[in-house]
Each structure stands twice: as C-alpha cells, then as structure tokens.
Amino acid sequence: MSTFTVTGDIDPFLHVSLRRGEKIYCESNAMVMMEHTLELKGKMTGGLGSALMRRFANGESFFQQHIEAVQGDGDCLLAPTLPGAIDILDVGANSYMLTDGAFVAAESGVNLNVRTQGVGTALFGQTGGFFICEASGAGKLAVSGFGSSFALDVVPGKDITIDNAHVVAWDSRLHHEISVATRSSGGFLGQIVNSVTSGEGMVLKFSGQGKVIICSRNRENFASWLLKLMPGNG
C-alpha cells in the first residue's frame, strides 16, 4: 500500500512512496518530482462523462496526472495549486465531500464522482453550485485549502457553523445546510442584508457525526487579490 506523508511546515509537499505496481492520480500540474522508476501519464479519470462533469461543475482539471511504479519502488513529491496545508484522509467506511479545488491526490482505489446538491445549498453556497465532488471507494485521499488547516469533529447535539469559503472537505454522513451568519428581525431578506453588511455572507451548518476540514484563509479573497494584480485591473 502506498504511503502518503506531508512534509514541510510552510506550503508543504505531499510525499508519496509507491511500491512496484501501485498507482495514484493527482490534479493536473501537481507533480513536482518523481524517481525514474515511476511513470507519469495524463488521463481522463472515470471516462469522458466524469471528466466533463468534474471540469465544468467543480473546476477540476479535465486530464489528471496518473503516476505508476512501473520499474520498481519509487517516490514522488506533489504540491497543491493554492499555497496551504495538506490533509490526508482515509476513504473507506466514510466517503468525503470536497469543495472546488480541494483535491490534490488519491490512491487508485478512491473514486471521484460528481453528485447533485439541493436547490437551497446550490443557489447560496460556494461548494460547487448544483454539483459537488464526492470521494468514495477505498484508499488515501489528500486535500488542500488556502492557509493553515484544522480538523473539526462534529458530534450529535453540538452543531457547528462555518463560513463557506473556509470549508475544504467533510464527512458525507454529516447533514449540512446553508444559512446566514447573522440574525435579523426583517426576515430572510433582512438576514441576507445584515450578513452582507457585517462581512460574513453565507455559512454552512453541519450536524450529525463526522469530520470537517477547514482552512484559515478565504479562498475567494485570494482570488480577488490575484485579479487585482493582473494588468489593467489595478
């Protein structure tokens, strides 16, 4: 079985050790270094339909990198697109939901599928619109957010509320619903206005039992900052 290890404190690498015959797949351009015993190929994971759904519904790359230990045991280093921490999750009895851009790499036994969300979550959330990615099957899964990461354990009777832009992944057993961070006597519309003026926007409420991975930085603020750096947008 391949070994996933996070190495480095700031903007870490994902270090993967493969034995002969083992395979992983990762997001496009994730590979930083690999030994000569490994072979890299670009493939459409899950076929044309699945690749199209991931590309247009969740912003994942159309072709993913597939790395296989063909000539013997070997190591590789991978890096996420955004500067931030990497978390390794065990997919098996529990499957995980991933927000846009959170996927880094997975063992070949992990399947990435796109499933639909409820209308309310899709319209007001920032977790894939009407579609969201689910990791199921069996094996290790590496995800990444922007900034530092933290794993929250949700237990029955202790619901938690998280800003949408800080959610990276969560246990699919959890129930989640969209809401606003603030309360107002003006009804739902008043709550939205109050939420916008307070700077908090929409949030996700989680209940049940399972794990939620969050990141310290707001990815949408990072995207806006990058746009301002582009010529003509200053």
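A few points about this structure:
- Region 1-30 residues that are surrounded by 13 or more Cβ atoms within 10 Å (Cβ to Cβ), paired with ones that are among the basic types (Lys, Arg) (beta carbon under 6 Å, 6 or more apart): Phe4/Lys140
- Unmet requirement for Thr121, which otherwise passes all of (1) at pLDDT 85 or above; (2) over 16 Å from the mean Cα position of the chain (by Cα): (1)
- With respect to the conditions (1) at pLDDT below 90; (2) part of a strand (DSSP E or B); (3) exposed (fewer than 13 other Cβ atoms within 10 Å of the Cβ); (4) small (Gly, Ala, Ser), Gly234 falls short on a single one, namely (2).
- Qualifying residue in region 101-112 (condition: among the small types (Gly, Ala, Ser), surrounded by 15 or more Cβ atoms within 10 Å (Cβ to Cβ), at pLDDT below 85 and over 19 Å from Ile214 (Cβ atoms)): no
- Residues within region 38-47 that are modelled with pLDDT of 95 or more and crowded, with 17+ Cβ neighbours inside 10 Å, tallied: 1
- Taking every residue in region 66-85 that is in contact (Cβ under 8 Å) with a residue 12 or more places away in the chain and within 7 Å of Thr37 (Cα to Cα) and pairing it with any residue that is small (Gly, Ala, Ser) and in a loop (DSSP other than H, G, I, E, B), at least 6 positions away or on another chain, the pairs with Cβ-Cβ distances below 8 Å are Ala69/Gly21.
- Scanning region 124-140 finds one or more residues that are within 25 Å of Glu35 (Cβ to Cβ) and at pLDDT 95 or above.
- Test: Phe146 is under 13 Å from the mean Cα position of the chain (by Cα) and either among the charged types (D, E, K, R) or at pLDDT 85 or above (or both): yes
The values are calculated or read from the model by the stated rules, or taken from the named source; none is laboratory data. Bear in mind that the values here come from a model prediction, so they are computed numbers and not experimental data. Cβ atoms come from the backbone with ideal geometry, glycine included; neighbour counts cover every protein chain shown.
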